[in-house]
Amino acid sequence: MINFVLDCETELIAPGRVVPRLVCVSVQIINADNSEPHGAPLLFDAGEGFPAFLRAVLPRLGWLVGHNVAFDCAVICRAWPSLAYLVWGLYDEG
């Protein structure tokens with residue numbers, strides 16, 4: 001099992017824009033016991049291969065970890081609507 005640490009950076013939040021556009025996503029994969037990172041942190045801009053990366057890693061997850069995961073998941077769904085089924089699947093799994 002692994003922990004998938006996620007953080008999205010966005011444009012500014014404003015009235016009527018509670019889910020702003022994605023600027024970049026940073027990711028770190030860590031052993032479930034939090035002892036060892038799996039490689040260096042990764043950084044994806046809004047146009048890069050984060051969807052393919054997430055589809056490859058998600059089935060092996062232990063926990064999705066972040067400071068504001070609900071917001072980050074909403075930003076990911078806005079940036080890549082095709083990933084919404086993965087995000088809702090995570091919610092369904094608790």
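Odds and ends about this structure:
- Being open to solvent by 50 Å² or more (accessible area, probe 1.4 Å) and assigned to a loop (DSSP other than H, G, I, E, B) is a description that applies to D33.
- Selection status of Y91, open to solvent by 90 Å² or more (accessible area, probe 1.4 Å), among the hydroxyl-bearing types (S, T, Y) and either at pLDDT 85 or above or in contact with a strand residue (DSSP E or B) (Cβ under 6 Å, 6 or more places away or on another chain) (or both): no
- Candidate set from the stretch 36-54 (those that are within 26 Å of W88 (Cβ to Cβ) and in a strand (DSSP E or B)); member that is most open to solvent (accessible area, probe 1.4 Å): L43
The values are calculated or read from the model by the stated rules, or taken from the named source; none is laboratory data. Everything numeric here is computed off the predicted structure, so don't read it as measured data. Ideal geometry is used to build each Cβ from the backbone, glycine not excepted, and the neighbour counts take in all protein chains shown. To get the accessible areas, we keep the full protein, side chains included, count just its heavy atoms, and leave off ligands, DNA and RNA. Shrake-Rupley method; radii C 1.70, N 1.55, O 1.52, S 1.80 Å.
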